[in-house]
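Contents: one structure, followed by commentary.
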């Protein structure tokens, strides 16, 4: 059975600048436990993070999380350019089980180096390769020559701008498989409303893990709604997430908003970062003609 990762606090934080209340964090973690989620991403651990959940440390997690009698694994994500080794003690002294290392394809060698360093400290490691449509033969060659790829719990390819369609998923999945990666995961965005369909395509390929956020929370088009994939897989009841939405996430949604929008659509069709169309004063037509390719 495919594993599920809850990245609400981490990726969903782009919508509200990681200003979650501690109560919201705790209840999201509890819902993940009760819903049978395999991995819970507690936030970013970036050296220049300006809020708790953009640079969450063990001392921040300790008063919030009860780890007894649960199989859920606690992860953080670090952007490779924001990595500070001093923020990651040896895993045996950390509350965190693992780290997702995020890197653009142009930063693959740095991402690989950080992955090795964190593995040697005892962490489970996912290498999260962002904006996968930009990957080239040269980048695949770097991965092919990497002699320690077996250290990864998973390699995860990310549709960062939400541009992929279900027909594209097997192509990337099989390329990573051909390179010798055993566990291949997918991270989707929903700019074209394809996150669910793309996730199902990855599951059909044999994906190790897929991820999402509560109510699809995220910048612009948002992410795959967790309650949707949990309900589809019938792995566990999504009722705990549904309760969570009403109590915590609908108020956040009313304040910050995310999901389908024309700017999110344009950013995906033009294959540009959502910041290029977010809060833009141009008309939609001007946006279409002047932004991106």
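The values are calculated or read from the model by the stated rules, or taken from the named source; none is laboratory data. Remember, predicted model here, so these are calculated numbers, not experimental data. Cβ coordinates were reconstructed from backbone atoms using ideal geometry, including for glycine residues, and neighbour counts include every protein chain displayed.
Select from the range 259-280 the residues that are without any contact (Cβ under 8 Å) to a residue 40 or more places away in the chain and in a loop (DSSP other than H, G, I, E, B) and list them in ascending order.
Result: 270, 279, 280.
Residues are listed down the side, and each one gets a yes or a no for (1) outside the structural domain of residue 223 (by TED's automatic domain parsing); (2) buried (at least 22 other Cβ atoms within 10 Å of the Cβ); (3) modelled with pLDDT of 95 or more; (4) over 28 Å from residue 193 (Cα atoms):
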site: 94; (1), (2), (3), (4): no, no, yes, yes
site: 97; (1), (2), (3), (4): no, no, yes, yes
site: 116; (1), (2), (3), (4): no, no, yes, yes
site: 122; (1), (2), (3), (4): no, no, yes, yes
site: 132; (1), (2), (3), (4): no, yes, yes, no
site: 141; (1), (2), (3), (4): no, no, yes, yes
site: 150; (1), (2), (3), (4): no, no, yes, yes
site: 165; (1), (2), (3), (4): no, no, yes, no
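Would you pick out the residues in the range 67-96 that are under 27 Å from residue 142 (Cα atoms) and part of a loop (DSSP other than H, G, I, E, B)?
83, 84, 88
Is the range 216-225 home to any residue that is buried (at least 18 other Cβ atoms within 10 Å of the Cβ) and more than 24 Å from residue 271 (Cα to Cα)?
The answer is no, given that none of the residues of the range 216-225 is buried (at least 18 other Cβ atoms within 10 Å of the Cβ) and more than 24 Å from residue 271 (Cα to Cα).
Consider the range 1-56. How many of its residues are within 21 Å of residue 219 (Cα to Cα), outside any loop (DSSP other than H, G, I, E, B) and in contact with a helix residue (DSSP H, G or I) (Cβ under 8 Å, 6 or more places away or on another chain)?
21
Assess whether residue 220 counts as being in a helix (DSSP H, G or I) and modelled with pLDDT under 95.
No.
Hey, can you tell me all the residues within the range 234-258 that are assigned to a helix (DSSP H, G or I), under 20 Å from the mean Cα position of the chain (by Cα) and buried (at least 17 other Cβ atoms within 10 Å of the Cβ)?
Residues of the range 234-258 that are assigned to a helix (DSSP H, G or I), as a first pass: 239-256.
Subset that is under 20 Å from the mean Cα position of the chain (by Cα): 241, 244-245, 249, 252-253, 256.
241, 244, 245, 249, 252, 253 - these are the residues of the range 234-258 that are assigned to a helix (DSSP H, G or I), under 20 Å from the mean Cα position of the chain (by Cα) and buried (at least 17 other Cβ atoms within 10 Å of the Cβ).
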